[in-house]
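Asker: Got a structure here, written out as structure tokens. Questions coming.
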Amino acid sequence: MKIDHLGIAVESLETALKFYAQGLQLPVTCEEVVEDQGVKVAMLPVGESRIELLEATRPDSPIAKFIAKRGPGIHHICLNVPDVAAALAELKAQGFQLIDEKPRPGADHCLVAFVHPKSTHGVLIELSQKMQE
Ligand code: ZN
């Protein structure tokens, strides 16, 4: 397992990239909209992990709600696992609370699922698995 990425909720990707891409000079490897989650995503590799910047595309998006409640900032930590469905089943069997019962498509050709912060001591944890291309 490794940390695949840190998700950061931002009000505007364009403005955030002025710091992360121009200021820190990190490359942007992927920019895409994940319709299902109502987010526009930019991925910036840092060593073997990445920073994921997340901008809401609609007011009912989880990112819009997060920013309205707490302001911009770290939104989740994503761990790379070999098999998201198996990891979910294992966590569920141990009585941990899930947000997603099943993996769903995420950004950059990944299958993802979220574990509820109630079970992770206040941190939203995303599990991710690279899909075959
Ligand atoms: Zn993520």
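The values are calculated or read from the model by the stated rules, or taken from the named source; none is laboratory data. Since we're looking at a predicted model, the values are computed, not measured. Cβ coordinates were reconstructed from backbone atoms using ideal geometry, including for glycine residues, and neighbour counts include every protein chain displayed.
Asker: Pick from Glu101, Glu14, Glu48, Glu90: which is under 16 Å from Ile125 (Cβ atoms), more than 13 Å from the ligand (Cβ to nearest atom) and out of contact with any helix residue (DSSP H, G or I) (no Cβ under 8 Å at 6 or more places or on another chain)?
Answerer: Glu90
Asker: Could you look through region 62-72, keep only residues that are within 14 Å of the ligand (Cβ to nearest atom) and modelled with pLDDT of 95 or more, and pick out the one that is surrounded by the most Cβ atoms within 10 Å (Cβ to Cβ)?
Answerer: Ile63
Asker: Just checking, which of Ala113, Ala93, Ala87 is over 19 Å from His5 (Cα atoms) and at pLDDT 95 or above?
Answerer: Being over 19 Å from His5 (Cα atoms) and at pLDDT 95 or above holds for just one of Ala113, Ala93, Ala87, which is Ala93.
Asker: Would you list the helices (runs of 4 or more DSSP H) that sit entirely within region 5-116 and hold 2 or more residues that are under 24 Å from Met131 (Cβ atoms)?
Answerer: Filter on region 5-116 gives 62-70, 84-93.
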